[in-house]
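Step one of this worksheet: look at the structure below.
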Amino acid sequence: GMIVSLFPVNAIWVNSYVAIVAILAAIALPAYQSYTKRAKFSEVITATGAAKTAFEVCTQTTGTDCDAAANAAVSGAYPKGYVQSVSASTTAIVATGTSEAPGTYTMTATVSGGQVLWEGVCSPADLC
């Protein structure tokens, strides 16, 4: 009797399969690595939340020492996983990632009519 194979297995077909898998891996691996870098760094971006809220509330209520309020709010308010530090000044909040999520996220504040407008910038830029 003759055995019929569903998948022809000879040298040409095997090489074709290997080539297709290699091409897919060459495309998928860098995309996955980029995805995991951005996913880790999103924790750094999120860590600015408490400082941002405190800065906005301070600006709309007292309007003075808002950097101190933001720094106090962020002290211990974020997980230490990928976040190295979060600090606030009178015009910006800067979050820095650890060696596992290297980069910085800077949120610059512009106060206009009691409203705080934020502009966020990642360095390197491909993390945002």
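Numbers at a glance
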| quantity | calculated |
| --- | --- |
| Residue-normalised accessible area of the chain, given per residue in Å² at a 1.4 Å probe | 65 |
| (1) -0.30, -0.65, -0.97; (2) -0.42, -0.67, -0.98; (3) -0.27, -0.61, -1.02, with the label sought being that of the calculated log10 I(q)/I(0) by the Debye sum over Cα atoms at q = 0.09, 0.14, 0.19 Å⁻¹ | (2) |
| Dipole in debye (nearest 20) - the chain, about Cα centre, beta carbon charges: Lys, Arg +1; Asp, Glu -1 | 360 |
| Sequence-distant aspartates and glutamates (8 or more away, or on other chains) whose Cα lies within less than 19 Å of residue 52 | 43, 65, 67, 119 |
| Stretchable slack from residue 42 to residue 118, in nm (0.36 nm times residue separation minus alpha-carbon distance) | 25.7 nm |
| The chain: most fluctuating residue of 44, 74, 18 per GNM, C-alpha cutoff 10 Å | 18 |
| Positive-pole candidate from 58, 70, 11, dipole of the chain, charges at beta carbon | 11 |
| Other-chain or far-sequence residues with amide H under 5 Å of residue 92's (modelled H) | 109 |
| Length gained when the stretch residue 31-residue 100 is fully extended (0.36 nm per residue, less Cα-Cα span) | 23.1 nm |
| Under Karplus coefficients 6.51, -1.76 and 1.60, residue-wise ³J(HN,Hα) of region 90-103 in Hz, glycine/proline x | 6, 10, 8, 10, 10, 10, 10, x, 7, 5, 7, 9, x, x |
| Over region 1-115, relative contact order from alpha-carbon pairs under 8 Å, at least 6 apart, % | 22 |
| Gain on full stretching of the segment that runs from residue 61 to residue 87 - 0.36 nm per residue minus C-alpha separation | 7.3 nm |
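The values are calculated or read from the model by the stated rules, or taken from the named source; none is laboratory data. Note that this is a predicted model, so its numbers are computed, not measured. Note: ideal-geometry Cβ built from the backbone for every residue, glycine included; neighbour counts use all protein chains shown. These area figures cover heavy atoms from the full protein model, side chains too; ligands, DNA and RNA do not enter into them. Shrake-Rupley method; radii C 1.70, N 1.55, O 1.52, S 1.80 Å.
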